[in-house]
Amino acid sequence: DGPTSNQMDLLYLGTPANVGSLGALDATAVHELQHLINFSNKVVKHGLALPAETWLDESLAHLAEDLGGQGYDTINAVYEYLDSFGTTSLTLTNYDGSADEIRNRGAGYLFARYLVEQAGGVDLDGGAPAGGGVALLQALAGSDLQGIANVEAATGRDFAELFGDFLVAVALDG
C-alpha cells in the first residue's frame, strides 16, 4: 500500500490510437466500471472464482453504457442481433459455433433492458420506484449467484418462461 501502489479503487483506461471521439471513451469507462462492480461484488465480496458468466456480465455492461447516456455503439449490436435473430444465443454458443460476438451482446443488452423495464424501469432523474429496475440491477450485481440462477433469483421467475416472454416481446416490437 502507498501512493505508488496499484492497490486502490481505481479504473485505469488506456487511450487507443484509433479512438473516434471522447464519447467512445465515456462509453468504455461506463462499460468497464460495470465489469469492476461485478468483479468487486462477485469475486472480492462473495469469493467466487469468476465475476460473472460472460453473457450476463456483458449484458449488464452494455446496459450500463445506455443508462449512462453512452450507448451509441449498442444500437449496432442490437441491429446485428435482430439480423441474426434465429441463430444467435443469449447464454451459449451460437448455432454456427461462434460465441461472444457483437450480435450476442445485442441480444444480452436487449434482455437486460427488458428485465429492467419489466421490473419498473429506471428514473435517472429521481431514482426508481420501490422494487424497480434499480433494485433489480442491485440484486443481479450484489448476489453470490451467477448466470441463469442469478436472473431467476433477482426476478423471482423461471428463466425459460422469462426468456420466452422476452422473445415474444422482441418478435412483436423488434
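Along segment 89-101 the Karplus relation, 6.51 cos²θ - 1.76 cosθ + 1.60 evaluated at θ = phi - 60°, assigns HN-Hα couplings of 8, 7, 10, 10, 5, 5, 4, 8, x, 7, 8, 6, 9 Hz to successive residues, with x for each Gly and Pro. When both segment 133-158 and segment 24-94 are represented by their alpha-carbon centers, they are found 15 Å apart.
Stretching the chain fully between residue 72 and residue 54 yields a gain of 4.4 nm (0.36 nm per residue, less the alpha carbon separation).
Ranking of 13, 136 by solvent-accessible surface, largest first: 13, 136 (1.4 Å probe, protein heavy atoms only, all chains present). In order along segment 155-160, the Karplus-derived 3J(HN,Hα) couplings, from 6.51 cos²θ - 1.76 cosθ + 1.60 at θ = phi - 60°, round to 9, x, 10, 5, 4, 4 Hz, and Gly and Pro are given as x.
Per residue, what accessible area does segment 60-174 have, given a 1.4 Å probe and all protein chains present, in Å²?
So segment 60-174 comes to 50 Å² accessible per residue, rounded to a whole number.
Once the C-beta distance of residue 32 and residue 94 is scaled by a Förster radius of 22 Å, the resulting FRET efficiency is 0.35 to the nearest 0.05. Here segment 35-148 is treated with +1 on each Lys and Arg Cβ and -1 on each Asp and Glu Cβ, and its dipole about the Cα centre works out to around 340 debye. Among 162, 146, 43, which residue has its Cα positioned farthest towards the positive end of the charge dipole of segment 39-174, with +1 placed on the Cβ of Lys and Arg, -1 on the Cβ of Asp and Glu, and the dipole taken about the Cα centre? Of the options given, the answer is 43. For segment 56-152, the list of chymotrypsin sites (Phe, Trp or Tyr not before Pro) that fall in a loop by DSSP and count at most 15 other C-beta atoms within 10 angstrom reads 72, 95. For residue 163, the shell of other residues with beta-carbons less than 11 Å away shows a net charge of -3, using +1 for Lys and Arg and -1 for Asp and Glu.
The values are calculated or read from the model by the stated rules, or taken from the named source; none is laboratory data. Worth saying up front: this structure is predicted, and the values here are computed from it rather than measured. Neighbour counts run over all protein chains shown; Cβ positions are idealised from the backbone, glycine included. We work out accessible area using only protein heavy atoms, side chains counted, and drop any ligands, DNA or RNA first. Shrake-Rupley method; radii C 1.70, N 1.55, O 1.52, S 1.80 Å.
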